[in-house]
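Below is one structure; the comments refer to it alone.
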Amino acid sequence: MSEIVNYYNDLASTYDQDRFDNSYGRFIDYQERRILDKLLTDKKEQILDLACGTGRLLNYASIGVDASPEMIEIARKKFPEKKFLEGEADRIILENNSIDTIISFHFFMHLDQKNMNLILEESHRILKNNGRIIFDIPSRKRRNLLGFKKENWHGAYSLDFDAIKENSTFKIKRTFGLLFFPIHRFPKFCRKFLIKFDTFLANSFLKEYSSYLIIELEKR
Ligand SMILES: C[S@@+](CC[C@H](N)C(=O)[O-])C[C@H]1O[C@@H](n2cnc3c(N)ncnc32)[C@H](O)[C@@H]1O
């Protein structure tokens, strides 16, 4: 099992609290849901949550895939009615052309170009024609501007739109930015106003300088 999966196995019991029960996590979760609500409007779609973890976003999907048995165990308790596939994201036990949309959050940022490409290939295989994959990734342009230095694998990978366009099997359909300012560090009373301003800037011509990019790719 990979170092990453071991890490999440150990973290599983405290993941939800540790990552999302604080003002930063709540803001990210709120913004991701705002975008997913916009993109996932067809209730008849077959949606798969890739690297579903403890099932934070599984309300949007009917199938969860994850390589960590401990993370899946928690997700299964929250969503006993969903289907779970425990295994690697580059070897999903599903038929060709069987899924309408894949969502994958807080996952690709922990990988590298080679592994991400393998997973995109596998996603392409299981997606129906014109199927979509929607994912988040840290912004490479912002990181270059701020002189980001990676310490280990955790959240170390980033992309920009040009690098994503190089993938010839998917085309970019829609893009969003997320978290322009470190809103969670501002006093609570001004956050409401700042969220609106942040959302505006993160989706303006400065989009690629947001902390995270949310990308919707369509299968060619
Ligand atoms: C940061 S968590 C994200 C969980 C969830 N998507 C979320 O947004 O809260 C990353 C997840 O990726 C899973 N993972 C890591 N490598 C994987 C792989 N090769 N195949 C499938 N899942 C993997 C881990 O087990 C972990 O549950």
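A short reminder: the numbers here are calculations on the coordinates, not readings from a lab. Treat the numbers as computed from the prediction; the structure is a model and nothing was measured. Neighbour counts are summed over all protein chains in view; Cβ atoms, including those assigned to glycine, are modelled from backbone coordinates with ideal geometry.
Evaluated on segment 12-52, the Kirkwood hydrodynamic radius is 11.9 Å, with distances taken between all distinct Cα atoms. Calculated on the Cα set of segment 3-219, radius of gyration then Dmax: 16.8, 50 Å. Around the Cα centre of segment 174-219, unit charges on the Cβ atoms of Lys, Arg, Asp and Glu (plus for the first two, minus for the last two) sum to a dipole of about 280 debye. For the pair segment 121-170 / segment 186-220, the C-alpha centres are spaced 17 Å from each other.
With the highest mean first, a sort of the peptides 204-216, 161-173 on other beta-carbon atoms found within 10 angstrom per residue produces 204-216, 161-173. Remark: the chain carries a charge dipole of roughly 1040 debye about the Cα centre, counting +1 on each Lys and Arg Cβ and -1 on each Asp and Glu Cβ. Farthest toward the positive end of the dipole of segment 1-148, out of PHE148, ILE72, ASN6, is the Cα of PHE148, where the dipole comes from beta carbon charges about the Cα centre.
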